[in-house]
Amino acid sequence: MSFPLTLGALRRSSFSEERLRTRHVKDELRENLSARLRATGDAPVFPGIVGYDDTVVPQIINAILSRHNFILLGLRGQAKSRILRALTTLLDPQMPYVAGCEIHDNPYAPICRNCRDEIARRGDETAIAYLNAEERYVEKLATPDVTIDPIKAARGGHELSSEFTVHYGLLPRANRGIFAINELPDLAGKIQVGLFNIMQEGDVQIKGYPIRLPLDVALVFSANPEDYTARGKIITPLKDRIGSEIRTHYPATVEEGIAITAQEAWTRRNGGDMHLPNYVQEVIERIAFAAREDKKIDKRSGVSQRLPISAMENVISNAERRAIRNDEKLVVPRISDVYAALPAITGKLELEYEGEMKGADFVGRELIRAAIAKTYDEYFTGANVNQIVQWFDLGGEIQLSDSISASEALENLKEIQGLADKLAPLSVSHNDSTELQVSACEFILEGLHAHKRIGRNEERVFKAGEKKQEPREREKNFEPEDRPSRQRRQFN
Ligand SMILES: [Zn+2]
């Protein structure tokens, strides 16, 4: 498909003056959104945004239909930037502008003097160029040490030269597009004032030499809710210009969390087959859920959805490593792989004082254990597992390192009477692959351990629990793996 390359041809095309002259970017967003709502009905307006269909998405739709500038308020890892970037899907696929213009002037209503002169001189021969939707999205992280101050950059250009050779800053270059500022409260006060002036007046003032740039920009922002509401962080006139404040949130259910993690994590890898059991996915997701509730973890920073995403990638890698080492064709993650994924978990926890005292490693293990206990209950509440517990109480022991081959592990697991009969709730039977059976058996043992029915030590030897001992004795031996003698010891 070819597009008109001169103003004259543009006039005779579907990009007519009548249609484009007064069509501002917010009108364009509004019209394209209305069309999409009419065409797709209840289908998600923003594909790939999971769990917001009944909460965040309707509010965003309302903000766009209202032609508002808006802000997303939420903790980290709540897909705020992703939503803002998805707004480009509501822009026209191609937008004509005066070729060579740094602020992408509307050919029918240019605001810079260069373009006005050009059109006066060349008329219908004026050259036209096009921007696609992605090119009309300008994003800025409002870190305190920014060297590119959008307002100053615009001014600097004007001061150094004349209006004819302006070097525009970020905001003017977002003209006729979307300008996104992440973490708005981090933007210095004087820059907020400058931003407001441009929004309000479209004026850039330079030493009594005012230049009017009535910019056409859809402004969208993101912020941490506490920073945003803190007194003095955002100048009031700027706040007034933000039409809608929309709260984001973490996934409401484990299923939604799993759907997001499955979409974002790198799970489909080259080479061998993989079977990712549901209970492993659930445990990984519940770590984040447990962390968001845990008082040892800072509520203000939140626990990003990137935690289960990175953990998932590490879990699969550990299973991959085991499969390569043992020359196995099928990769099946186990619960021990979740413990091996601690490096992908600890860094994403902002600890409170109590958590700091215990250490990220300890807190991480506690969260994994809580996630296992809860997931185990989903499958085995009411199941009679006395026979398995008894086997251990009678002195049975079994070592299941995360590197042991599936065939060797299954040989050992067969020793445990009653265990193989309990796999039905996991939809696993003796007809399934060795790798899958081992993973399922290990999940049951880890579940019993999480509930303190059986014990496990640093070498991953499962053995009798401590429940029958006297209180003093118990104090001494209780959960030895949770109080490692050597701090840095890795025992998976
Ligand atoms: Zn221009």
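So if I check each of ILE71, ILE103, which one is within 16 Å of the ligand (Cβ to nearest atom) and either buried (at least 21 other Cβ atoms within 10 Å of the Cβ) or part of a loop (DSSP other than H, G, I, E, B) (or both)?
Values: ILE71 fails: within 16 Å of the ligand (Cβ to nearest atom).
The unique qualifying residue is ILE103.
The rows are residues; the columns are (1) free of Cβ contacts under 8 Å to residues at least 12 places away in the same chain; (2) crowded, with 21+ Cβ neighbours inside 10 Å; (3) over 19 Å from the mean Cα position of the chain (by Cα).
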position	(1), (2), (3)
ALA311	no, yes, no
ASP327	yes, no, yes
ASP337	no, yes, yes
ALA370	no, no, yes
ALA373	no, no, yes
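Any residue at all in the stretch 43-66 that is of a type in the set (S, T, N, Q) and within 16 Å of the ligand (Cβ to nearest atom)? Please lay out each step first, then the result.
Here is the first cut: in the stretch 43-66, the residues of a type in the set (S, T, N, Q) are 55, 59, 62, 66.
Filter once more, keeping what is within 16 Å of the ligand (Cβ to nearest atom): none.
No - not one qualifying residue is present in the stretch 43-66.
Within the stretch 375-402, take every residue that is assigned to a helix (DSSP H, G or I) and of a type in the set (A, V, I, L, M) and give me the one that is surrounded by the most Cβ atoms within 10 Å (Cβ to Cβ). Can you show your working first?
Taking the stretch 375-402 first, the residues assigned to a helix (DSSP H, G or I) are 375-380, 386-393.
Checking which are of a type in the set (A, V, I, L, M) leaves us with 388-389.
Details: ILE388: 24, VAL389: 18.
Within the stretch 375-402, the match that is surrounded by the most Cβ atoms within 10 Å (Cβ to Cβ) is ILE388.
Counting just the residues of the stretch 207-257 that are hydroxyl-bearing (Ser, Thr, Tyr) and in a loop (DSSP other than H, G, I, E, B), which one comes out farthest from ASP53 (Cα to Cα)? Steps first, answer last, please.
Quick first cut of the stretch 207-257, residues hydroxyl-bearing (Ser, Thr, Tyr) only: 209, 222, 228-229, 236, 244, 248, 250, 253.
Subset that is in a loop (DSSP other than H, G, I, E, B): 209, 248, 250, 253.
Working: TYR209: 49, THR248: 11, TYR250: 13, THR253: 13 Å.
Here the answer is TYR209.
Hey, can you tell me all the residues within the stretch 448-481 that are charged (D, E, K, R), modelled with pLDDT of 50 or more and in contact with a Lys or Arg (Cβ under 8 Å, 6 or more places away or on another chain)?
Within the stretch 448-481, the first condition is being charged (D, E, K, R), and the residues that meet it are 452-453, 456, 458-460, 463, 466-468, 470, 472-476, 479, 481.
Pick out the ones that are also modelled with pLDDT of 50 or more and you get 452-453, 456, 458-460, 463, 466-468.
Residues satisfying the conditions are LYS452, ARG453, ARG456, GLU458, LYS463, GLU466, LYS467.
Across the stretch 74-100, what is the total count of residues that are of a type in the set (A, V, I, L, M, F, W, C), away from the ligand (no atom under 16 Å from the Cβ) and touching a strand residue (DSSP E or B) at 6+ places or on another chain (Cβ under 7 Å)?
Pass one, the stretch 74-100, residues of a type in the set (A, V, I, L, M, F, W, C): 75, 79, 83-84, 86-87, 90-91, 95, 98-99.
Filter once more, so that each one left must be away from the ligand (no atom under 16 Å from the Cβ): 75, 79, 83-84, 86-87, 90-91.
Going one step further and asking which of them are touching a strand residue (DSSP E or B) at 6+ places or on another chain (Cβ under 7 Å), we end up with 83-84, 87.
Counting residues in the stretch 74-100 that are of a type in the set (A, V, I, L, M, F, W, C), away from the ligand (no atom under 16 Å from the Cβ) and touching a strand residue (DSSP E or B) at 6+ places or on another chain (Cβ under 7 Å) gives 3.
When the residues of the stretch 41-68 are narrowed to those that are within 20 Å of the chain's Cα centre (by Cα) and farther than 17 Å from ARG85 by Cβ, which ends up least open to solvent (accessible area, probe 1.4 Å)?
Let us first name the residues in the stretch 41-68 that are within 20 Å of the chain's Cα centre (by Cα), namely 44-60.
Okay, now just the ones that are also farther than 17 Å from ARG85 by Cβ, so 51, 53-55, 58-59.
Numbers: GLY51: 22, ASP53: 84, ASP54: 140, THR55: 57, PRO58: 48, GLN59: 85 Å².
Restricting to residues being within 20 Å of the chain's Cα centre (by Cα) and farther than 17 Å from ARG85 by Cβ, the top hit is GLY51.
Within the stretch 438-451, how many residues are free of Cβ contacts under 8 Å to residues at least 60 places away in the same chain and either in contact with a Leu (Cβ under 6 Å, 6 or more places away or on another chain) or loosely packed, with under 14 Cβ neighbours inside 10 Å (or both)?
Number satisfying all stated conditions: 1.
Read through the list (1) within 17 Å of the chain's Cα centre (by Cα); (2) in a loop (DSSP other than H, G, I, E, B), then give the number of the only condition that SER14 fails.
(1)
Quick check on my filter: what residues within the stretch 403-433 are open to solvent by 50 Å² or more (accessible area, probe 1.4 Å) and assigned to a helix (DSSP H, G or I)?
The answer is SER407, GLU408, GLU411, ASN412, ALA420, ASP421, LYS422, ALA424, PRO425.
Take ASP337 and tell me if it is closer than 16 Å to TYR279 by Cβ and touching a Lys or Arg at 6+ places or on another chain (Cβ under 9 Å). So that I can check it myself, show each step before the final result.
On the way: closer than 16 Å to TYR279 by Cβ: yes; touching a Lys or Arg at 6+ places or on another chain (Cβ under 9 Å): yes.
The answer is yes for ASP337.
The values are calculated or read from the model by the stated rules, or taken from the named source; none is laboratory data. What you see is a predicted model, and the numbers here were worked out from it, not measured in a lab. Cβ sites come from the backbone with ideal geometry, for glycine too, and all protein chains shown count toward neighbours. These area figures cover heavy atoms from the full protein model, side chains too; ligands, DNA and RNA do not enter into them. Shrake-Rupley method; radii C 1.70, N 1.55, O 1.52, S 1.80 Å.
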